[in-house]
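Worksheet: the structure to be examined is printed underneath.
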Amino acid sequence: TLHYNKTFGDKHALDPLAGWTLQETTAQSSYQAGVALATNNTTSISAATTIINSTSHKNQFGLQSFFGRANYSFDNRYVFAFTLRADGSSRFGENNQYGYFPSGSVAWRVNEEDFFDVESVSNLKFRGSYGLTGNQEISSNWVGTYSLNAGYNGRPGIAPNRLENSDLGWEKTKQLNIGLDLGLFDQRISVTADYFKKQTEDLLLSAGVSGLTGFSSVFQNIGEIENTGFEFSLNADVIQGDGFNWTTGVNFSFLDNEIINLLNDGELIGRNHILKEGEAVSTLYLIKYEGVDPQTGDAMFEDINNDGVIDFDDRQIVGSALPDYFGGWQNNFSYK
């Protein structure tokens, strides 16, 4: 990295940075299992009469990144920041290995203004930011692979086990954040409030493909998800004594999640969940329970297709595993 820090006069401060990183990760593992040991005290696999399973695995990927950042502040009142990243990952196809992710932010410290004269307010800052980030965290990558094993009649063989997708690329998230920081009574009380809106597109999902390919699924960039919400926190030094201190804090978060766009006719159905346009991620897709039959004591379930049989065809959306809101209350006490 190359870092420069400079102040100009009493009011201007500039802080740029540029850098480059290169990293490579290799993971290897092996697994063996055997049965029929001469004694229970023997733990060596080689002592087993029969080796029932033996597998090995190796995974390797690399990441190259170029990045830059510039911070500028004027008179400790107006703060601006801009960042830009260019990341290239070997997990993605040769057509889409690089992703470019800019972001910018601005802050205004109102309490530093000459016109602001409220003695009880020790900090008042408005913040805003917008940026783009990327995600490469997938268990496999774009390249087609083969497995080496005793494939046919006990003879060594090679067989394809993963379908190639040379167009696989970065999952991208755009986020808007608008916030407020408030401090009262020399920071004895502090409040933080944020509104955010996140839009994630080109989701990295393993989606079904035609059986004519010889595979059931392949990693693809499909769909778009939107998260909007509000976060609030309040912290206070309730008691600051010679020996006894008490601080408390509460926080709340509200979240609304929605799938905006999805391929496969707008839905992907799993065993207990469904991904569907207009619904939240982690939407539960189950047979609906309707209570207990007072005559027999048996559980009752809704037969939505009225065929007299309760089976997978009677599954329906029954709710989401995502909470509408969550929060906490924390207290810290200290003595001496």
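For the pair the stretch 183-241 / the stretch 9-61, the C-alpha centres are spaced 29 Å from each other.
With the alpha-carbon atoms as the only input, what is the per residue convex hull volume for the stretch 1-128 in Å³? Walk me through the numbers before you get to the answer.
Details: hull volume 30.3 nm³, N = 128.
Hull volume over Cα atoms, normalised by residue count, gives 237 Å³.
Of the residues L132, L322, L37, the one that moves most in a GNM of the chain with alpha-carbon contacts below 10 Å is L37. Aspartates and glutamates near K6 by alpha-carbon distance under 17 Å, same-chain residues fewer than 8 away left out - which ones? Qualifying aspartates and glutamates at Cα under 17 Å: D15, D75. Structure remark: mean-square fluctuation, Gaussian network model of the chain, C-alpha springs under 10 Å; the largest value among W170, W142, W20 belongs to W20.
Please report, to one decimal in angstroms, the Kirkwood hydrodynamic radius of the stretch 86-150 built from all distinct Cα-Cα pairs.
When all Cα pairs of the stretch 86-150 are included, the Kirkwood radius is 16.7 Å.
Over all alpha-carbon pairs in the chain, figure out the percentage whose distance exceeds 26 Å. Don't skip to the answer; put the middle values down first.
Numbers: 40023 of 56280 pairs.
Value for the chain: 71 percent of Cα pairs lie more than 26 Å apart.
By average Cβ neighbour count within 10 Å, what is the ranking of 203-215, 4-16 from highest down? Before the final figure, lay out the partial values.
Values: 203-215: 13.9, 4-16: 11.4.
The densest-packed peptide leads the list: 203-215, 4-16.
3J(HN,Hα) couplings calculated from phi for the stretch 3-9 with the Karplus curve 6.51 cos²θ - 1.76 cosθ + 1.60 (θ = phi - 60°) are, in sequence order, 10, 10, 9, 8, 10, 10, x Hz; Gly and Pro show x.
Give, to the nearest whole percent, the P(r) tail of the stretch 78-231 beyond 23 angstrom, counting all Cα pairs.
On the way: 6888 of 11781 pairs.
Summing the P(r) tail past 23 Å for the stretch 78-231 gives 58 percent.
Highest GNM mean-square fluctuation among F61, F301, F219, for the chain modelled with Cα contacts below 10 Å: F301. Which one, L204, N227, S320, projects farthest toward the positive side of the charge dipole computed for the chain from Cβ point charges (K/R +1, D/E -1)? In the chain, that residue is L204. Under the criterion of Cα pairs below 8 Å and six or more residues apart, the relative contact order for the chain equals 9 percent. Its residues counted as N, the stretch 189-278 yields a C-alpha radius of gyration over 2.2 N^0.38 Å of 1.83.
Of all aspartates and glutamates in the structure, those lying under 20 Å Cα to Cα from K276, and not within fewer than 8 positions of it along the same chain, are E171, E201, D202, E224, E226, D256, E258, D265, E267, D313, D314, D324.
If each Cα of the stretch 232-336 is one equal point scatterer, what is log10 of I(q)/I(0) from the Debye formula at q = 0.11 Å⁻¹? Log10 I(q)/I(0), no solvent term: -0.61. Computed packing ranks the peptides 45-53, 245-253 as 245-253, 45-53, most packed first, by mean other Cβ atoms within 10 Å.
Since every read-out is calculated from the coordinates, none of them should be taken as a lab result. Bear in mind the structure is a predicted one, so any value in this text is a computation, not a measurement. When we count neighbours, we look across all protein chains shown, and the Cβ atoms used for this are built from the backbone with ideal geometry, even at glycine.
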